[in-house]
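Below is one structure, written out as structure tokens; the observations come after it.
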Amino acid sequence: MHDSETPNASMGLLSALRPKWLSTRPYYSNLDDWDAKERPVLRDDTNSEDSLIEEQPRPRSSRPLWYIIIAQTCALTALFIILASNLYVQREEKWLYSPAQDAISYKYYRFFNGFEGDISPFQAPPSAELDARWAGLYDFGISRIPRSQAARLPNRTEEIPGDEGNFIIELDVFHEIHCLNQIRKALYPDHYPDMRMDDTSTAEHINHCIDSIRQSLMCSSDVSTIVWQWDAAVRRAFPKGSVVHRCRDFERIKEWALERRTKEKYDTTRHVENDLDIPIIYD
């Protein structure tokens, strides 16, 4: 045999040895493209066990399977990161415990602009009616909570004399509203003579209130937006404060405090020893 014939002979031998199911055709092709010899053959004898010559399964590439595995792994990893981040945020939000945290829900409110034409009921001139309106926002603010909740506070608080097993607290929002009301009264010394700023204790109280409100505002940091709108009549843009804010539902928090208001006036001169073992963060 000549050397030039050797490759053809070798190819013929390989073709003879190669299993019939090992095809070089693509996995997904039109049946019409097949040669008649490559199609499954049905024998005439349908009753014979060998009547149907089944085509042997063809080996599939492992590449698509690896693509699926990699894609699923990436998706599961991303899902894990998202869930872990959410759990971390939830832990951060609940770390500084408040017994009123379950009363928190949100609503949208449009603020009053505070100028002529858009005045709130709390901007009226001094009167007994206005005083009652302001007091109704906070004069129930001293609350009592059970030992189980006091044990979760980040700061110590006192057990209530005569109401052992309950501890005294006040939600900060009610203290800030009280302070704001004191500042309001100080603006009208003729109507509220006990709020004259020439009295040292009053001046110190007002100074305390101003900075307490400052800290509270900075702590909450409302990021709602004040906008500027064009006034064609005077050809000038003005800031607009009567915009929508996403707010904690004050009425729900108020209801929470009303349900837990102290039964009697708290006696600050009495101290009740207790063995409350709590993880104090700040004294």
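Looking at (1) surrounded by 13 or more Cβ atoms within 10 Å (Cβ to Cβ); (2) within 25 Å of M195 (Cα to Cα); (3) out of contact with any His (no Cβ under 9 Å at 6 or more places or on another chain); (4) not hydroxyl-bearing (S, T, Y), which is the one condition that is false for A151?
All conditions are met except number (2).
What about R248, is it among the basic types (K, R) and either in contact (Cβ under 8 Å) with a residue 40 or more places away in the chain or surrounded by 11 or more Cβ atoms within 10 Å (Cβ to Cβ) (or both)? Please lay out each step first, then the result.
Values: among the basic types (K, R): yes; either in contact (Cβ under 8 Å) with a residue 40 or more places away in the chain or surrounded by 11 or more Cβ atoms within 10 Å (Cβ to Cβ) (or both): yes.
It is true that R248 is among the basic types (K, R) and either in contact (Cβ under 8 Å) with a residue 40 or more places away in the chain or surrounded by 11 or more Cβ atoms within 10 Å (Cβ to Cβ) (or both).
Considering only the range 187-214, state which residues are closer than 26 Å to S242 by Cβ and without any contact (Cβ under 8 Å) to a residue 12 or more places away in the chain.
Matches in the range 187-214: L187, R214.
Would you check if there is a residue in the range 187-204 being surrounded by 11 or more Cβ atoms within 10 Å (Cβ to Cβ) and either more than 24 Å from P126 (Cβ to Cβ) or of a type in the set (D, E) (or both)?
Checking the range 187-204: at least one residue is surrounded by 11 or more Cβ atoms within 10 Å (Cβ to Cβ) and either more than 24 Å from P126 (Cβ to Cβ) or of a type in the set (D, E) (or both).
Could you list, in sequence order, all residues of the range 108-124 that are touching a His at 6+ places or on another chain (Cβ under 8 Å) and either at pLDDT below 95 or hydrophobic (A, V, I, L, M, F, W, C) (or both)?
If the condition is that a residue be touching a His at 6+ places or on another chain (Cβ under 8 Å) and either at pLDDT below 95 or hydrophobic (A, V, I, L, M, F, W, C) (or both), then F111 is the only one that fits.
Look through S143, S127 and report the one residue that is modelled with pLDDT of 95 or more, farther than 27 Å from Q215 by Cα and of a type in the set (S, T, N, Q).
Numbers: S143 fails: farther than 27 Å from Q215 by Cα.
From the options S143, S127, the qualifying one is S127.
What number of residues within the range 146-198 are in a helix (DSSP H, G or I) and of a type outside the set (K, R)? Quick ask: steps written out before the conclusion?
First, the residues of the range 146-198 that are in a helix (DSSP H, G or I): 147-150, 172-186, 193-195.
Narrowing the set further to residues that are of a type outside the set (K, R) leaves 148-150, 172-183, 186, 193-195.
Qualifying residue count for the region: 19.
The values are calculated or read from the model by the stated rules, or taken from the named source; none is laboratory data. These numbers were taken from a predicted model, which means no experiment stands behind them. Cβ sites come from the backbone with ideal geometry, for glycine too, and all protein chains shown count toward neighbours.
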